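Okay, structure first, notes after.
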Amino acid sequence: EAGKDFDTLYGNQLNSEMYFSSIIEPGYLYELGYHKCTCPKVLDGMCKDPEHCECTKQSILYILNDLAPEKKIEVEIIETILRGGDKCRFRISVE
């Protein structure tokens with residue numbers, strides 16, 4: 001629905017009970033997050049390793065690269081619940 005417009009995608013479109021997003025710098029920098037961990041392995045108690053959050057980071061990167069392969073996209077973990085944070089937050093930069 002947003003096409004390749006990341007400002008539209010991360011504006012208010014994803015804010016819900018489960019997800020949140022914001023535009024930090026229009027056209028370039030965004031934040032995507034989860035109010036609670038959504039990983040089935042973590043929720044089932046099968047995984048407690050904070051490095052497992054790399055999976056979500058790579059999933060976000062994979063999806064965005066698939067949507068906009070012509071853009072250079074980077075994803076950074078800001079905080080995650082497994083790493084002691086209150087929520088899971090990822091910073092996305094787009095060039």
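Restricted to region 49-67, and to residues there that are among the hydrophobic types (A, V, I, L, M, F, W, C) and in contact with a strand residue (DSSP E or B) (Cβ under 8 Å, 6 or more places away or on another chain), the residue that is most open to solvent (accessible area, probe 1.4 Å) is Leu61.
Lys41 - would you say it is out of contact with any Asp or Glu (no Cβ under 9 Å at 6 or more places or on another chain), among the basic types (Lys, Arg) and not in a strand (DSSP E or B)? Judged against the criteria, Lys41 is a match.
A residue that is free of Cβ contacts under 8 Å to residues at least 24 places away in the same chain and either open to solvent by 80 Å² or more (accessible area, probe 1.4 Å) or in a helix (DSSP H, G or I) (or both) can be found somewhere in region 26-38. When Gly85, Gly45 are checked against the criterion of being exposed (fewer than 12 other Cβ atoms within 10 Å of the Cβ) and either touching a Lys or Arg at 6+ places or on another chain (Cβ under 9 Å) or not charged (D, E, K, R) (or both), a single residue qualifies: Gly45. Selection of region 39-72 for residues being modelled with pLDDT of 95 or more, of a type in the set (A, V, I, L, M, F, W, C) and either more than 20 Å from Asp7 (Cα to Cα) or touching a Ser or Thr at 6+ places or on another chain (Cβ under 7 Å) (or both) yields an empty set.
The values are calculated or read from the model by the stated rules, or taken from the named source; none is laboratory data. What you see is a predicted model; the values in this text were computed from it and never measured. For neighbour counting, all protein chains shown are included, and Cβ atoms are generated from backbone atoms with ideal geometry for every residue, glycine included. When the accessible area is computed, the model is the full protein with side chains, heavy atoms only, and any ligands, DNA or RNA have been set aside. Shrake-Rupley method; radii C 1.70, N 1.55, O 1.52, S 1.80 Å.
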